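Worksheet: one structure, shown below.
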Amino acid sequence: MKSNSLVTKRVNKRKQALSFEKMGLSDEMVAKLYEVGYEKPTPVQAGLIPLAMEEFDLIGQSQTGTGKTAAFGIPILEQLELDPQHAATQALILTPTRELAVQVEREITKLAPNHHVRCCCLYGGRPIKTQINQLKKGCHIVVGTPGRVLDHLQRRTLNINKLWFVVLDEADRMLDIGFRPDIEKIMRQCPTPRQTMLLSATLPPPIVLLAKRYMHYPKLLNFSSKIAVETIDQKYLTVPYEMKYDILVELLEREQPEQSIIFCRTKLGTERLYRKLLKTTDFDSIGTIHGDMTQSARDRMMKGFREQSVRFLVATDVVGRGIDVSNISHIINYDVPELSDDYVHRVGRTGRMGRSGIAFTLVTPDQGGELTRIEQRINQLLEVDELQGKINEARGKEIDARPSARTSKKRYRRAL
Ligand code: ADP
Ligand code: MG
């Protein structure tokens, strides 16, 4: 087994190389990458891909929007054994949401240099029959959400005897308490030896410790000097609860976002805000997405958002992770996220691949503790937006721009 310092040295050398040609990829793969417009590997790709091809288990941390999907997708595609007659499932990629599973499947299909590669997507809310038929025909790569994947394993409609690669995308979310029992069950059924890869923009040490239980001497590689992306301008406003709606509308009118996600904490709150915006504003293209909607409505909404017919998407954290839509210019945290890592992921829906973006967070005067926790997590102070003066004036008194440290006792049940 190679020592960690040796690996680090090699990774640094590869980061300097920063060229797809110098990474030991096949000519077809390199040609495909240029064809889809990838000119050079991002640091996480340059660092992880060659190690993944050497069959190391890897835990990779890298900021939002830095190309982690291709960092695991390329080594899978390069090492697939293609037998179109008998397409055994060789790679399993697990994601926390259905929308992300669809996106990852598309990205991998886009990068496949060989059109014989069969990739399929298994997620809930869609007829299981169609998925069973697809699996019967054979899928080299399966992308899915834990619940539905487990369902297929229990029905024996998904055969993973030939599996050699497992990925947990958004690994910290996959190993948090909500998903862990399902992940444990899936991992127990996956063959050993196999190669396991975990990726996220946030990987707290306890999660890394836990992750090692599923892995074989994993290499831990961190490509982000800062947790949050530097090209995102991050601002906040201290707004009393009853003024939040008006301030949101004013902010949207002032900022004229190209596309924006407006995050709320609860499904009910999301639906209410969406309806209110529809009723009381003349913004033409408002949409919503949350877990109480049917999957076909969710799919329609995502399609509209990707095609830009939806400009403002009022959403729960269901689109807080992984979702890649390049025209999102503004993120608005109408409600402060419950966890500060969720803040990092929400704002990371903008400012992807070096682009700039802007994020506003509305905090009520008693949510100072939550604001401070976010600032500690990203190791950076959020700036006060200039609209604060107007809010203070409207309240008829001078208030501190900064909310008080007293934290609201109200807890919300985590539901997307
Ligand atoms: P992450 O998972 O790190 O948040 P994604 O894998 O979603 O990031 O990639 C972000 C965007 O960057 C996607 O649109 C993807 O197609 C694009 N991308 C990935 N790698 C490259 C590259 N080497 N060059 C240019 N664009 C890339
Ligand atoms: Mg991702």
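Bear in mind that the values in this text are calculations on the coordinates, not laboratory data. Since this is a predicted model, take the numbers as computed values, not measurements. Note that we place each Cβ from the backbone using ideal geometry, even for glycine, and neighbour counts take in every protein chain shown.
Going from the residue with the fewest nearby Cβ atoms within 10 Å to the one with the most, 302, 197, 187 rank 187, 302, 197. Take the Kirkwood radius over Cα pairs of the stretch 232-411, plug it into Stokes-Einstein at 20 °C and 1.002 mPa s, and you get 130 µm²/s for translational diffusion.
Scanning residues 5 or more positions from residue 223 or on other chains, those with amide H under 5 Å from its amide H are 61, 62, with H placed 1.01 Å from N in the peptide plane. Please name which of 111, 19, 101 has its Cα lying farthest along the dipole of the stretch 4-222 towards the positive end, using unit charges on Cβ (Lys, Arg +1; Asp, Glu -1) and the Cα centre as origin. Going by the charge dipole, the pick is 101. Highest mobility in the GNM of the chain, judged by mean-square fluctuation with C-alpha springs under 10 Å and restricted to 333, 392, 222, is found for 392.
The separation of the stretch 115-139 from the stretch 372-386, counted between C-alpha centres, amounts to 43 Å.
For the Cα atoms of the chain, what angle does the longest principal axis make with the long axis of helix 180-189, in degrees from 0 to 90, nearest 10? Value to nearest ten degrees: 10.
Take 72, 223 and order them by how many other Cβ atoms sit within 10 Å, fewest up front. Each step should come with its number before you reach the end.
Working: 72 28, 223 21.
Result, fewest neighbours first: 223, 72.
Projected over all directions and averaged, the alpha-carbon convex hull of the chain occupies 20.3 nm².
Computed log10 I(q)/I(0) for the stretch 203-247 at 0.22, 0.27, 0.30 Å⁻¹: -0.85, -1.02, -1.10, from the Debye equation with unit scatterers placed on every C-alpha and solvent omitted. Lacking any other cysteine beta-carbon closer than 4.7 Å, the following Cys residues of the chain have no compatible partner: 119, 121, 190, 264.
Is the stretch 4-222 rounded, prolate or oblate when judged by the Cα gyration tensor, a ≥ b ≥ c being the square roots of its eigenvalues, rounded requiring a/c under 1.5 and prolate requiring a/b larger than b/c? Oblate is the answer for the stretch 4-222, as a/c is 1.5 or above yet b/c matches or exceeds a/b.
For the listed residue pairs 22/110; 68/226; 235/390, the alpha carbons are over 18 angstrom apart in 22/110.
Counting other Cβ atoms within 10 Å as a rough exposure proxy, the listed residues 309, 224 run 309, 224 from fewest neighbours to most.
Among 32/185; 129/212; 185/219, which pairs are too far apart, with a Cα-Cα distance over 31 Å? From the list (32/185; 129/212; 185/219), the Cα-Cα distance tops 31 Å for 32/185; 129/212.
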